[in-house]
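I have placed the structure first, in the form of structure tokens, so that the comments after it can refer back to it.
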Amino acid sequence: MSDCCAPNANGTKSYALPNAAADDCCAVAPAQTHPTSQTTCPVCGVKGKSVDTQTVKAMLDVSLRTLQAGVYRFCRAESCQVVYFGDRGDVYTEDDLRERVHQKHPNAADVFVCYCFRHTPGSIQRELLFSGTSTVVAQVNDGIQAGQCACEIRNPQGSCCLGNITTTVKRVQKSLVLVAA
């Protein structure tokens with residue numbers, strides 16, 4: 001039996017790429033690299049928000065990419081394909097992640113706006129249509145108080161989603177009022 005994906009010489013694991021040759025089962029695709037400054041996205045030039053490496057690790061589809069050591073930033077520009085970029089030039093797009101990113105698709109009904117409690121614009125809209133009000137902000141606040149929140153790791157932006165939820169609730173409420181008018 002092969003020792004595929006066993007720790008390598010420096011103690012880290014490599015993971016097999018899909019369709020990798022049998023003798024190269026632990027090959028890892030390198031991150032795309034682009035020249036970058038420490039603070040601005042190398043593709044769109046927008047200043048990135050600093051995120052903890054744990055957030056990036058949690059979001060990366062580890063079967064496709066490895067994470068280089070360094071400082072990472074989140075690109076919140078909706079029109080930009082980059083989600084994370086590092087100070088060493090590595091760039092990760094949504095294709096490299098386990099989840100779609102709300103900031104890249106703020107109007108998509110099925111993309112999580114709350115990654116801890118799994119709320120989407122679509123679920124918020126359904127609640128508003130059914131009950132006339134949204135309890136999502138209160139539910140998330142209750143979850144935070146109960147210690148059930150892990151936005152620093154689960155949310156691609158690496159911080160609390162309450163601002164995104166509040167904005168989404170208001171946007172969905174407004175769209176429903178416009179449709180009803």
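Observations
- From the list V56, V71, the one residue that fits, being in contact with a strand residue (DSSP E or B) (Cβ under 8 Å, 6 or more places away or on another chain), farther than 30 Å from V177 by Cα, surrounded by fewer than 17 Cβ atoms within 10 Å (Cβ to Cβ) and aliphatic (A, V, I, L, M), is V71.
- Subset of segment 113-154 [of a type in the set (D, E, K, R) and in a helix (DSSP H, G or I)]: R126, E127, D142, E152, R154
- Flag for S63 being among the small types (G, A, S), modelled with pLDDT of 95 or more and under 17 Å from the mean Cα position of the chain (by Cα): no
- Residue tally, condition small (G, A, S), over 19 Å from R154 (Cα atoms) and either crowded, with 20+ Cβ neighbours inside 10 Å or at pLDDT 90 or above (or both), over segment 33-53: 1
- Unmet requirement for V137, which otherwise passes all of (1) surrounded by fewer than 17 Cβ atoms within 10 Å (Cβ to Cβ); (2) free of Cβ contacts under 8 Å to residues at least 24 places away in the same chain; (3) of a type in the set (V, I, T): (2)
The values are calculated or read from the model by the stated rules, or taken from the named source; none is laboratory data. Just so it is clear, the structure is predicted and the values come from calculations on it, not from any experiment. So basically every Cβ, Gly included, is an ideal-geometry build from the backbone, and we count neighbours across all protein chains shown.
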